[in-house]
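Colleague: I have a structure here, written as structure tokens, and I will follow up with some questions on it.
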Amino acid sequence: MNTKNAAVKIVFGSIIFLFSGALAYFAASYSEKNGWLDYWITLVLFAALFMTVGILVSRIFSISLGFLFSADVLFLYALGANVETVQVIYKAILVAFILVALYFVAWYKIPEESSTGSAPPDNI
Amino acid sequence: MELLLAIILWPFVVFAVGLALILLFDVSGPGIFGAFSAFWWVLLLVVLVVMGRKNKLSGKPQTAYEQLETTRQFAIIASIALLLPIFVRYLFKVFDSGLPAAILGLMLGFGVAAWGMFIKGHKAVTYGNIIGGAIIILYVYAQLWNMGDVARIIAAAFGLGAAVVVSVIKLKDKLS
């Protein structure tokens, strides 16, 4: 893998991550100030939008990962600030869903011990 | 589809770890399973020491890609190990810490721990299940202790039954 090429991709991905996070934060603050939408709901909507965009542009790794990590941070920030207001049953359902997804990932995507010598992909 | 799954893998793993930490603070109170209690630091230390010794003993230097894979595997193990007992804790809250929650917790704890012990070739699931199952069992037994004599009898009987079944399966070659 070309190191300089990889560094450029990481820099652009980081810039997208930072700017998308800033956009969501400022938009949410502005929306709340003007009484349009609740701050947290705006953040969650932006997170969903960034996740959708990240999936749609999945062919371009750095842009996709920038948006997806930004969505991660926004979702976790919104959940962390409001976790006490969510009903227990919904939290249990969320945890169950994430556990099932983790088992799926661990079972099908994590390479077994015998195949840890495989080469990394070239197109990152 | 494969490309999409490969792309969303790392963000999903990061989200799972973040979720586990946030919910750990949500469910924990004071006491042995509190968020900053010694229990978690000792557990983390033990896991790091075991994994460090395993890597040292293998003798083979890891490439950057392999180190990334190891880190991802560790993150998935930690997420599964934390989210399983958090799920049981929420079950207790939903059922008001009653006996149904305790029985479900016992079945889940012993079930995932046994699953972890018997599967082969999937390290992340194995370690995640064993650690998560052990924490669930510790937590459920701590809760059952306060529920009275009947609950303690059920807990002891369940534990005995699970230990006998697992021992028979694991040691059946040595029995004859």
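The values are calculated or read from the model by the stated rules, or taken from the named source; none is laboratory data. For clarity, every value in this text was computed on a predicted model and none was experimentally measured. Glycine gets a Cβ as well: all are built from the backbone with ideal geometry, and neighbour counts include every protein chain shown. Keep in mind that these areas ignore ligands, DNA and RNA; they rest on the heavy atoms of the full protein, side chains included. Shrake-Rupley method; radii C 1.70, N 1.55, O 1.52, S 1.80 Å.
Colleague: Once a ≥ b ≥ c are taken as the square roots of the eigenvalues of the Cα gyration tensor of segment A:1-101, is the result rounded (a/c under 1.5), prolate (a/b larger than b/c) or oblate (a/b not larger than b/c)?
Modeller: oblate
Colleague: Still on this model: Can you list the HN-Hα couplings for segment B:126-139, worked out from phi with the Karplus curve (6.51, -1.76, 1.60; θ = phi - 60°), rounded to whole Hz and with x for Gly and Pro?
Modeller: Computed from phi, the couplings for segment B:126-139 are 4, 5, x, 5, 5, 5, x, x, 5, 5, 4, 4, 4, 5 Hz.
Colleague: If I model a spin label at B:THR63 and A:PHE97 as a point 7 Å from the Cα along the Cα→Cβ vector, what separation in nanometres do I get?
Modeller: 3.7 nm
Colleague: Quote the accessible area belonging to A:TYR77 in square angstrom, nearest 10, computed with a 1.4 Å probe and with ligands, DNA and RNA left uncounted.
Modeller: Accessible area, nearest 10 Å²: 110 Å².
Colleague: Enter the accessible area of B:GLU66 (Å², nearest 10), with the probe set to 1.4 Å and all protein chains included.
Modeller: Taking all protein chains as shown, B:GLU66 has close to 30 Å².
Colleague: Give, in nm to one decimal, the length gained when the segment between A:PHE12 and A:ILE41 is fully stretched (0.36 nm per residue of separation minus the Cα-Cα distance).
Modeller: 7.7 nm
Colleague: I need the shape label for segment B:88-176. Rule: rounded when a/c is under 1.5, else prolate if a/b > b/c, else oblate, with a, b, c from the alpha carbon gyration tensor.
Modeller: Since a/c reaches 1.5 but b/c is at least a/b, the shape of segment B:88-176 is classed as oblate.
Colleague: So, one more: Where does chain A land at 222 nm, in deg cm²/dmol rounded to the nearest 500, when only DSSP H runs of n ≥ 4 count, each adding -39500 (n - 2.57), divided by all residues?
Modeller: -26000 deg cm²/dmol
Colleague: A further question follows. What does the buried accessible surface come to for B and A, summed over both chains, with the probe at 1.4 Å? Round to 100 Å².
Modeller: About 3900 Å² of accessible surface is lost on pairing.
Colleague: Follow-up. Angle check, please: helix A:61-82 long axis (alpha carbons) against the longest principal axis of chain A (alpha carbons), in degrees 0 to 90, nearest 10.
Modeller: 40 degrees
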